[in-house]
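Bear in mind these aren't lab numbers, they're just calculated from the coordinates by the rules spelled out. Fair warning: this is a prediction, and the values are worked out from it, not measured in the lab. When we count neighbours, we look across all protein chains shown, and the Cβ atoms used for this are built from the backbone with ideal geometry, even at glycine.
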Amino acid sequence: MQGKLELIHNVWHIEAIRDQLSVPLCKRHDDYIKGLSKEYVEQYAKDKLFDFELINEFSNPEEYKDSSWGEGEVQAVLVNTNRSETWEQIFFKYNHLPDGEFIDTLNTSYHPPKTKMPF
């Protein structure tokens, strides 16, 4: 599915217009985007379509550590569609982050070689 990022009540959502739904991003993606500068998000995320998958507490229990079990909340996970990016390109794209945050980004947002954050 594809949708646009939208900030609703201080939580990033992905809005899939064709499917008429708005789904909150999983916490690690929400925290990640909030950690980027406003200018960076405006330049690279505003009005851009992102591929995403829907997850729930049964398919991805690791994303629901802070939620009560059985609430049935659905979240969105952004999916990389540009799989030709090299680790060198990734490093230079995110080297503006402090060291610890950069390492955390690689550990939580990139699952080589299949997926990564799309911006």
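What to note about this one:
- Sites Lys93 and Asp47, calculated FRET efficiency, Cβ-Cβ separation with R0 22 Å, nearest 0.05: 0.65
- Summing charges over all other residues whose Cβ lies under 12 Å from the Cβ of Ile55, with Lys and Arg as +1 and Asp and Glu as -1, gives -3.
- Ranked by how many other beta carbons lie within 10 Å on average, peptides 1-9, 35-43 from highest: 1-9, 35-43
- Asp31-Gln2 pseudo-label distance in nm [points 7 Å out on the Cα-to-Cβ vector]: 3.1
- Charge dipole (debye, nearest 20) of the range 17-71; +1 at Cβ of Lys and Arg, -1 at Cβ of Asp and Glu: 200
- Packing here is the average count of other Cβ atoms within 10 Å per residue, and on that basis the peptides 19-28, 45-54, highest first, run 19-28, 45-54.
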